[in-house]
Amino acid sequence: MPEAGGRRARQAIGFVVWLAITFAAAGLGGVGSADAGSFYGQLSRPAWAPPGWVFAPVWTMLYLLMAVAAWLVWRERRVDETRVALALYGVQLAANTLWTWLFFAWRQGGAAFGEILVLWMLIAATALHFWRIRSLAGALLVPYLAWVTFATALTFAVWKRNPALLA
């Protein structure tokens, strides 16, 4: 019986660690987007662009789903498979953070668009690896992939509409 309690404690600690890793990436992106609200308001946006207030709750939910997905994969005992999947997860988290800096802090629209294409591929690869290990984990990344698909189109449209603001 004590073994089950130790296992539960390990799982709970693991969950907190994956939340911390994922939201640390979100926090680093947040630093890069400190003035995103005012900058986003200055941009010429297509009619289908959401209002600025939508981004924070959407990203909070996506980061939570991402953390749960990573935790579910981490819980599996297939070390070689999970190592690759979680390494991909880390790389896509870094790419996610980089996009925010490219677009909002450094105002590099072309670089942000190129980078988000790479991010999309990394998310798709991560979701596929996660799916092979635990289908629920892969499914939890589908909303993230869908949002980044939308964000890719938005990045391109905003970049092209704002050559003076997004070099």
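Before moving on, here are some points about what is shown:
- Every pair of residues 6+ apart whose Cβ atoms lie under 6 Å, when the first sits in segment 12-23 and is under 17 Å from ALA85 (Cα atoms) and in contact (Cβ under 8 Å) with a residue 60 or more places away in the chain while the second is open to solvent by 60 Å² or more (accessible area, probe 1.4 Å) and part of a helix (DSSP H, G or I): GLY14/TRP74
- Segment 59-89, subset among the β-branched types (Val, Ile, Thr) and more than 27 Å from THR100 (Cβ to Cβ), residue surrounded by the fewest Cβ atoms within 10 Å (Cβ to Cβ): VAL79
- Elements of type helices (runs of 4 or more DSSP H) contained in segment 61-167, each with 1 or more residues being in contact (Cβ under 8 Å) with a residue 12 or more places away in the chain and polar (S, T, N, Q): 79-100, 109-133, 142-161
- Test: residue in segment 98-106 that is surrounded by fewer than 16 Cβ atoms within 10 Å (Cβ to Cβ) and either under 28 Å from ARG8 (Cα atoms) or modelled with pLDDT of 95 or more (or both): yes
- Residues located in segment 146-167, provided they are under 13 Å from PHE104 (Cα atoms) and either in contact with a Lys or Arg (Cβ under 8 Å, 6 or more places away or on another chain) or hydroxyl-bearing (Ser, Thr, Tyr) (or both): THR155, VAL158, LEU165, LEU166, ALA167
- Hits in segment 107-158 - residues which are β-branched (Val, Ile, Thr), within 17 Å of ALA87 (Cα to Cα) and open to solvent by 10 Å² or more (accessible area, probe 1.4 Å): VAL118, ILE133
- The set of residues in segment 1-18 being of a type in the set (A, V, I, L, M) and modelled with pLDDT of 90 or more consists of ALA9, ALA12, ILE13, VAL16, VAL17.
- Test: residue in segment 18-36 that is open to solvent by 70 Å² or more (accessible area, probe 1.4 Å) and of a type in the set (Ser, Thr, Tyr): no
The values are calculated or read from the model by the stated rules, or taken from the named source; none is laboratory data. Predicted model only: the values in this text are computed from it and were never measured. Positions of Cβ are generated from backbone atoms using ideal geometry, with glycine treated the same way; all protein chains shown enter the neighbour counts. The area values use the complete protein model at the heavy-atom level, side chains included, leaving out ligands, DNA and RNA. Shrake-Rupley method; radii C 1.70, N 1.55, O 1.52, S 1.80 Å.
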